[in-house]
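Reading through the structure tokens given below for one structure.
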Amino acid sequence: MKLLTLATQDKTCATVLMVLAAVTFIIPLCNLLTPADSPLHFSAYTVSLVGKYLTFALLGMSLDLVWGYCGILALGHGAFFALGGYAMGMYLMRQIGTRGVYGDPLLPDFMVFLNWKELPWYWFGFDNFGFAMLMVVLAPGALAFVFGWLAFRSRVTGVYLSIITQALTYALLLAFFRNEMGFGGNNGLTDFKDILGFNIQSENVRSVLFFLSGLALIIAFLLCRWITNTKLGRVVTAIRDQESRVRFLGYRVEMFKLWIFVFAAMLAGVAGALYVPQVGIINPSEFTPLNSLEIVVWVAMGGRGTLYGAIIGAVVVNFSKTVLTGLMPDAWLFILGGLFVVITVLLPDGIVGLMRRNIRSKQA
Amino acid sequence: MNSFAENLFDEDDKVKASNVVVEGKVDIRHGPILYMEDVSVSFDGFKALNKLSLFIDAGELRCMIGPNGAGKTTMMDVITGKTKPDTGSVFFGQTIDLLEMDEPAIAQAGICRKFQKPSVFDALSVFENLELALKTNKGAWKTLFFRLTGEQRDRIGEVMETVGLTALAHSRAGILSHGQKQWLEIGMLLMQEPKVMLVDEPIAGMTHQEIERTAELLLSLQGERSLVVVEHDMEFVRSIARKVTVLHEGSVLTEGTMDEVQNDPRVIQVYLGG
Amino acid sequence: MTLFNPTRCQALLALLMLVFSLAAHSDPQPAPQPWLDALDTLKQGSMPEREKAIMQLADIKDAHNLAILQALLDSKLFITKTDARLVIGTDNHQGFDLSDAVSGASLGAVGHDALTKINLTNKMRGTLRKIIGELELSADDPKVRLAAVKAMAKEADEKAISLLRERAGQEQDEAVREAIKVALLLQDMDSEDKAVRIMAIEGLKAYDSQEAANRLNAMLEKDENGEYSEPDADVRNLAKASLTNINNRLQLYGSIETIFFGLSLGAVLVLSAIGLAITFGVMGVINMAHGELMMLGAYTTYVIQQLMPNYLGVSVIIAIPAAFVISALAGIAIERGIIRFLYGRPLETLLATFGVSLILQQSVRSIFSPLNRSVATPEWMSGSWQINDFLSLTWNRFYILVFCLLVFVLLLQILKRTSLGLEVRAVAQNRKMAKAMGIPTARVDAMTFGLGSGIAGVAGVALSQITNVGPNLGQAYIVDSFMVVVFGGVGNLLGTLVAGFSLGIANKFLEPFAGAVLAKILVLVFIILFIQKRPRGLFPQKGRAADS
């Protein structure tokens, strides 16, 4: 309840929360309860498309926590999303069982294809849903922990940190492209059959996945809201503005950065895990530096340091992307590039900043 | 590394136990609370500190003066752990080796610093700034679940009263004037309940009345705490100082009362005849 | 600025002279009558007459004649059915591309059935092969002679050996003489006489010959009866020792080659990083579009080649200043249009310039094509420098290495000696102070950024010679070049040089063990760990200024 009161103090924030709740409940319900020809019915395509946006919104929000609140411009955040996605993908691969092309009960098709005789050790346990879900948060969390521990402790900051985070995701991209890594190489993991025994292609499962994505987003939003309003949130903001001063107050800055970085990585992992069953594939392209930079644009577009700004930004940018790549496939990169420039030069506070300015000028 | 891991699970940041006779207590049985001996720091061949030796007694208010580049700020950097000296030793009390500690550890041990440029957190309110400075467990998890006790709330109120910012408790620190920011930072120092306060140019940007109140405040703190005040304003230094140390080219030129110092021909030479 | 470099001018001059001399060489010479007669016999005659004609041709020592004989041996010499002309045809899958055998002039393409091939008996082929060898052995070009000697050494018979012995006396060229010596020694290895064999092995020790290594290996092999092909144990031991010797040298050459590859990769890294070292290191501006400025340079090379397809050799040289100007202008536009609004906000600069990089990429995709364009390598840059049988260094990489060092020295001089350089350094150290002293900081910023971007363009020209030119060219290098700058220490050009070369060499030494991709990952991980240890790179800037 305290979380809710916190969330409703701010009008924009309350509105966003209400819209989110409405979307989360209404779209799956309409999809399930109305006949296909009803005007209230959403197609399976729409459901999985909006579901994808919801996972992106969660991903954007997790980056906002790191960048908007703690001032760490992480250019490799997509790596955590991808790791969460791979953990989910591994579970889904194990679920295929004998229904693969080669019909091997244990090995996924690509391993049979590579003439592998046994399952690599790191694939064990992924047939268990609980274990896989644990890995969804632990794998990105562990990577963020090790990387952050090294980086923050030696006080790598600013653009240096940005560049080595980019190098991190770049290195992972190269690594996951290798067949020897045992994650399906170039093709990644795909051809999923079912999840917890339910057909992954069915409308019901899609609606449930959609609902879970919405729910995860709402819960994460409330959680982030709460964190940013605790003393820890204030320390983190203080670190963003004057890192060394915080140190002289007796706080171990690296611990706080690490805490927030690992938490955000775990959220990104959850987003990735929800994303994969809805789009039906996970491959190394999720690790490309460009993907991570797109997340930054969502957050910058929406307005950083507000959480809901990241949600708005993720949805607006991705919706535009869907529409525009359909209409003029060549124009998208121009627009994305233009967005980077326009936002940073003219709109440093993004859409939320623009709305606030409007409201203020109306009140005046 | 070890302390780092401990910290993760929210162990209290302890002062290195092996160095302390009574844990958490600073050993001042021999008088001085801060020892700097033969400390040298050089940047690209430039000696910012040159075999500086300095002793601050417990409860003392010491003023440091000296021309630009004399090494005043570098000295504070060394004491607070920001800069590691090339040679020399720095002890807090008899037993705590400050050179083995980093900034947060030194701050928690009880040495706090006000910067030359007022450094407050603009995005946070006055109250929140003070709350962050509050002496308490500063581990990440503890901070996440931290709730102010009534006592602590009172303490923040008290400090706000002292530095005259009660009316602005919930204003963002960013909107404060330069002088108010200086005070807020002094207030943050008080919240940390330090044993040694290093105060770098506290009165820059203050009005005459504000300067007087600052002088009163600093004077009222001595005895309970040790203070090292760096200031260029001789008037102000004269009004608070018992003992003045003059730094020149990274080492101590002379020490004594304000009158002694001002009549020392070497000091006159340094200030006037450069 | 690179335009008025004296060394560059000399290179240009030399190149022009080369072009002219090549043109002069292809002038048609009057054909001697006996030659034409022999060719006529070859065309019309029966098999024995053909043989006679071949023998006649054998006496004519001329490069063109040699080409005809070679074509005859390779079954590329034809008679056209329509006008019974002697032509050389090269198969182009649909038919033949023809050139006149006598004049060498191109005659266009014809179908497969428009020609009659001049057939040979096996005996004639054998003769022909020897004749060609002989002719080549006395050719004017020492390179042809060298190749002939090496070919003969592999399967030498009595005749060839006597030819070689004969040639050894009169050969003027050092390299050819040595090669003949090796060939004769190789021949001696088959001798019945043990002493001669031992002498041959001893003699071969001093040479880096692949053939010698093969023969020594063969000596130590056992046949199916378990007998060594070399019966004598003494000779075998000597052969073994000699082989180890050769293998050791082989290892040494391998290392030299790896270092060379590393240096050339390093040169590419340095070239792509020094522009960045200026914009990032000196100005503190993160330019994520740096890779795309390199890409612009590479495309400039491509466009210039398209504009002057007949002057490949010169086009690359012209592309250097052109790419510099184009990338510099683009850089200045970026600085004036975007970056100057973002000074002091490095993270925002990073994002905005990243946007620019996307726009540039897509522009290139829209204007040229999303596919890679291939930029031709001029003749003087292709091929390799064959030092011995085991070691050859490719010219294009060699030139890039030299080019990289030239650019580096030039840049250092610009920063050290010119007034622009002085202003740049002044602004880098203390912007406010520089402004107060009357330095036009805005102009200096634009010029500095232009300089860094121009060098990116020049790097693009170099890249176009070793990799495909495509819209993603820049992206492939941006992370690497940032790594080089950060590894070397920001604001330190020499650090960039050292870092680039050491990363290049490290990468190449890791590759054989780890594979190219893993090597790259390892290097990345190493740098990430290195930055943890020394956040300011190999050659850090010190002092209070460095803290802020």
For region C:277-397, take the convex hull of the Cα atoms, compute a quarter of its surface area, and give me that in nm², please. 10.0
Kindly write out, for region A:57-64 in residue order, the coupling ³J(HN,Hα) from the Karplus curve 6.51 cos²θ - 1.76 cosθ + 1.60 (θ = phi - 60°), rounded to whole Hz, with x marking Gly and Pro. 4, 4, 4, x, 5, 5, 5, 4
Just checking the output field for A:146-156: average partner chain Cβ neighbours within 10 Å of each residue's Cβ? 3
Counting sequence-distant residues (5 or more places) and residues on other chains, those with an amide H built under 5 Å from that of B:Lys114 are B:Leu198, B:Val199, B:Asp200
Filter the chymotrypsin sites (Phe, Trp or Tyr not before Pro) in region C:263-338 to those in DSSP coil with at most 15 other Cβ atoms within 10 Å of their Cβ, and list the result. none
Between C:Lys143 and C:Val409, what is the label-to-label distance in nm when each label sits 7 Å out along the Cα-to-Cβ direction? 2.7
Could you work out [θ]222 nm for chain C from helices alone, using -39500 (n - 2.57) per DSSP H run of at least four and dividing by all its residues? Round to the nearest 500 deg cm²/dmol. -22500 deg cm²/dmol
Lysine pair count for region C:33-123 [Cα-Cα under 15 Å; pairs on different chains or 8 or more apart]: 7
Eligible aspartates and glutamates near B:Lys114 by straight Cα distance, threshold 14 Å, same-chain separation 8 or greater: B:Asp77, B:Glu103, B:Glu185, B:Glu193, B:Asp200, B:Glu201, B:Glu231
Which whole-number value in Å³ per residue fits the convex hull of the alpha carbons of region A:210-364? 166
Potential lengthening between C:Ser162 and C:Leu220 on full extension [0.36 nm per residue; Cα-Cα distance subtracted]: 18.1 nm
When DSSP beta bridges are limited to those with both residues in the protein assembly as shown, what percentage is antiparallel, rounded to the nearest 5? 70
Please express the shape of the protein assembly as shown as an equivalent ellipsoid: the semi-axes are the square roots of 5 times the eigenvalues of the C-alpha gyration tensor, given largest first in whole angstrom. 71, 40, 30
Taking θ = phi - 60°, what integer Hz values does the Karplus form 6.51 cos²θ - 1.76 cosθ + 1.60 yield along region A:14-29, in sequence order, with x for Gly and Pro? 5, 4, 4, 5, 5, 4, 4, 4, 4, 4, 4, 8, 6, 4, x, 5
If amide hydrogens are placed 1.01 Å from N in the peptide plane, which non-local residues have theirs closer than 5 Å to the one on B:Leu49? B:Val41
Considering only the other residues whose Cβ falls under 9 Å of the Cβ of C:Ile118, what net charge follows from Lys and Arg at +1 and Asp and Glu at -1? +3
Could you work out the pair-distance distribution P(r) of chain C from its alpha-carbon pairs, with 20 angstrom bin width and percents rounded to whole numbers? 17, 37, 31, 14, 1
Along region C:494-499, what does the Karplus equation 6.51 cos²θ - 1.76 cosθ + 1.60 (θ = phi - 60°) give for ³J(HN,Hα), rounded to whole Hz, x for Gly and Pro? 4, x, 4, 4, 4, 4
What do you get for trypsin sites (Lys or Arg not before Pro) in region B:86-183 restricted to DSSP loop and a cutoff of at most 15 other Cβ within 10 Å of the site's Cβ? B:Arg147
If neighbour count is taken as other Cβ atoms inside 10 Å, put A:Leu143, A:Leu354, C:Leu411 in order from fewest to most. A:Leu354, A:Leu143, C:Leu411
Determine the shielding of peptide C:275-287 by partner chains: average, over its residues, the number of Cβ atoms on other chains within 10 angstrom of each Cβ. 1
Rank-order C:357-366, A:35-44 by packing density, defined as the average count of other C-beta atoms within 10 Å over each peptide's residues, highest first. C:357-366, A:35-44
Shielding by other protein chains, B:104-110, mean Cβ within 10 Å: 4
Would you mind checking A:Lys321/B:Lys142; B:Lys72/B:Lys142; A:Lys11/A:Lys52; A:Lys257/C:Lys416 for any pair whose Cα atoms are more than 31 angstrom apart? A:Lys321/B:Lys142; B:Lys72/B:Lys142; A:Lys257/C:Lys416
Under 5 Å from the placed amide H of C:Leu107, counting only residues 5+ away or on other chains, we find C:Leu98, C:Ser99, C:Asp100
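FYI, it's all coordinate maths here, none of it is from the lab. In this text the structure is predicted, and so the values were computed from the model without any measurement. When we count neighbours, we look across all protein chains shown, and the Cβ atoms used for this are built from the backbone with ideal geometry, even at glycine.
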